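Structure first, then comments.
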Amino acid sequence: MPTEIRKTFHQELDQVRDDLIRLAGMVTEALAKGTAALLASDLQAAEEIIAADDEIDELALDIEERCVRLLALQNPLASDLRQIIAGIRMTSEIERSADLVTNTMKAARRLYGTPLDPRLRGLIEKMSEHVHRLFRLAIDAYADQNEALAAALDDMDDDIDELHADYIRTIFEVHEGGDMPLQVSVQLALVGRYYERIGDHAVNIGERVRYMCSGWLPEHTGAARLAAKRAAAEHDAVDGPE
């Protein structure tokens, strides 16, 4: 690739990176505002967040199209190729996270005017804080190309899973105590699932960062396990029973 074309290519790649970080920032902002709207039963704020999802979709589509164009026209190699592929997949993870925030706001509309049990309010706040932090760290790992941070995200997600399990148990307790109708319980359970899924998307972003940095993919672990099992089976077949 000629030097001038190479320079333009890297400028475009840097712009994709900057816009991807901006896209993630829009989602983390929506997540924080969404939680506040849900807990305050602020219908206007919820509607504004739902409407703003179109802007996120537009930017996500633009990023993906530019990544595809770079793949098609620039014939990138090695680390540049991994960065573009990771960018496409990360854009999808971020956009889906935005959709989950939107789903949470639609649930907030259905819950409008319904008082929330203080225990559930507290758990929603905690889940939101943990998910917000995990998502922000995932993007920090991408911005800094920090593979160690990206690898640590999966363990951090365990805290969200535990909070989610506690949240679901509390929903059952409040409902069985007669203090919450079934329809409200179902909507709140969906809200918890949305937060938990955003955490999963943050972990997936971390996996894409690891791929971008070193070519590692989670599938490699499973493939290594399968190869080890096959090798052990072949060894047993050759040696026979002792």
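Here is a list: A148, A138, A202, A165. Which entry is surrounded by fewer than 16 Cβ atoms within 10 Å (Cβ to Cβ), closer than 21 Å to Q83 by Cβ and of a type in the set (A, V, I, L, M, F, W, C)?
Details: A138 fails: surrounded by fewer than 16 Cβ atoms within 10 Å (Cβ to Cβ); A202 fails: surrounded by fewer than 16 Cβ atoms within 10 Å (Cβ to Cβ); A165 fails: closer than 21 Å to Q83 by Cβ.
Step by step, each of A148, A138, A202, A165 is checked, and only A148 is surrounded by fewer than 16 Cβ atoms within 10 Å (Cβ to Cβ), closer than 21 Å to Q83 by Cβ and of a type in the set (A, V, I, L, M, F, W, C).
Please pick out the residue among I88, I63 that is surrounded by 14 or more Cβ atoms within 10 Å (Cβ to Cβ), touching a Cys at 6+ places or on another chain (Cβ under 6 Å) and farther than 30 Å from E125 by Cα.
Details: I63 fails: touching a Cys at 6+ places or on another chain (Cβ under 6 Å).
Answer to the check: I88.
For region 9-68, what are the residues that are touching a Phe, Trp or Tyr at 6+ places or on another chain (Cβ under 7 Å) and outside any helix (DSSP H, G or I)?
Passing the criteria: only S41.
Conditions (1) more than 25 Å from R210 (Cβ to Cβ); (2) under 15 Å from the mean Cα position of the chain (by Cα); (3) polar (S, T, N, Q); (4) modelled with pLDDT under 95, marked per residue:
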| residue | (1), (2), (3), (4) |
| --- | --- |
| P76 | no, no, no, yes |
| L81 | no, no, no, yes |
| T102 | yes, yes, yes, no |
| F135 | no, yes, no, no |
| A150 | no, yes, no, no |
| L153 | no, yes, no, no |
| A165 | yes, no, no, no |
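In region 142-182, which residues are without any contact (Cβ under 8 Å) to a residue 12 or more places away in the chain, part of a helix (DSSP H, G or I) and closer than 17 Å to L111 by Cβ?
Scanning region 142-182 gives H175, L182.
Is it true that E4 is out of contact with any His (no Cβ under 8 Å at 6 or more places or on another chain), modelled with pLDDT under 95, over 17 Å from R69 (Cβ atoms) and not small (G, A, S)?
Details: out of contact with any His (no Cβ under 8 Å at 6 or more places or on another chain): yes; modelled with pLDDT under 95: yes; over 17 Å from R69 (Cβ atoms): yes; not small (G, A, S): yes.
Yes: the conditions hold for E4.
Among the listed residues T102, T114, which satisfies the condition of being surrounded by 13 or more Cβ atoms within 10 Å (Cβ to Cβ) and in a loop (DSSP other than H, G, I, E, B)?
T114
The values are calculated or read from the model by the stated rules, or taken from the named source; none is laboratory data. Being a predicted model, the structure only gives us computed values, none of them experimental. Counting neighbours? That spans all protein chains shown, and the Cβs are built from the backbone with ideal geometry, glycine included.
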